[in-house]
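**Q** Please see the structure below; I have some questions.
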Amino acid sequence: QREQKDDAAIEEAISRALEEHRSTGLSRLQERVESDVRATLDFLRAENMLDRIVEAHIERPMIVPVGNDFLLGIPDVLVRTADGWEIGDWKTNRHDIRSADEWLAYYRTQLEAYVLLSSLVAPEQPSFTVRLILTRPPVQAAQCTFDRADLRRIELRIANLIGAIKRTAVGNGV
């Protein structure tokens with residue numbers, strides 16, 4: 001009976017400790033998220049990015065044919081400015097010292113896919129700017145612009161990647 005009481009006391013102590021940890025951890029997470037969001041908004045205001053927005057579509061799925069396949073993507077935000085449509089991609093998980101330009105290079109394929117998807121929204125638009133925004137303070141941003149000539153190269157590259165994925169999947173019996 002003593003063992004049962006000890007076991008019950010241990011279970012109760014563990015439950016209390018976990019509950020305290022959860023509430024403390026959640027509180028810290030909420031504080032960090034709030035701080036990151038405020039820092040990101042301050043950055044966007046300072047860079048006059050918010051004032052330029054005429055229309056915005058947040059996390060709207062988009063699909064485009066690529067050869068005999070389809071590419072589906074969900075850009076974080078597609079915004080229309082006086083200059084045309086732009087793509088914004090937020091990165092919230094930065095934990096190292098890479099610069100925004102280095103992250104831009106790292107995520108280039110993803111960003112190019114978003115450009116290809118967005119090109120269907122405005123077929124007359126001559127170029128598309130994509131912005132990568134790192135939301136962990138210090139907030140940073142990097143951007144690149146692709147013109148219509150780049151789109152064919154991007155489409156071919158993505159078609160090759162899709163083909164490689166399909167060959168790998170078929171080779172593994174999928």
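Readers should treat all values here as calculations from the given coordinates under stated rules, not as data from a laboratory. All figures in this text were calculated on a predicted structure; none of them were measured in a lab. A quick note on method: Cβ atoms are made from the backbone with ideal geometry, for glycine too, and the neighbour counts reach across all protein chains shown.
**Q** Mind listing which GluC sites (Glu not before Pro) in region 88-174 are in a DSSP loop and have 15 or fewer other Cβ atoms within 10 Å?
**A** 124
**Q** Ok, one more. For region 35-70, state which GluC sites (Glu not before Pro) are in a DSSP loop and have at most 14 other beta carbons lying within 10 Å of their beta carbon.
**A** 47, 59
**Q** Continuing with the same structure: Counting pairs of Cα atoms in region 87-161, how many percent are more than 16 Å apart?
**A** 49 percent
**Q** Moving to a separate point now. So for the pair residue 164, residue 83, with labels modelled 7 Å out along Cα→Cβ, what separation do we get in nm?
**A** Distance between label points: 3.2 nm.
**Q** What are the extents of the Cα atoms of region 52-93 along their three principal axes, in Å, largest first?
**A** In descending order, the Cα extents are 37, 29, 13 Å.
**Q** Then there is this: Binned at 5 Å from 0, what are the whole-percent values of the Cα-Cα distance distribution for region 22-107, short to long?
**A** 3, 10, 13, 18, 20, 15, 10, 5, 3, 1, 0
**Q** Okay, moving on. Order these peptides, 67-74, 133-140, by their mean beta-carbon neighbour count within 10 angstrom, highest first.
**A** 133-140, 67-74
**Q** Same structure, new question: List the trypsin sites (Lys or Arg not before Pro) within region 56-124 that fall in a DSSP loop (any state other than H, G, I, E or B) and whose Cβ has at most 12 other Cβ atoms within 10 Å.
**A** Filter output for region 56-124: empty list.
**Q** Still on this structure, please answer the following. Tell me the label-point distance for the pair residue 47, residue 60, using the 7 Å Cα-to-Cβ offset, in nm and rounded to one decimal.
**A** 2.2 nm
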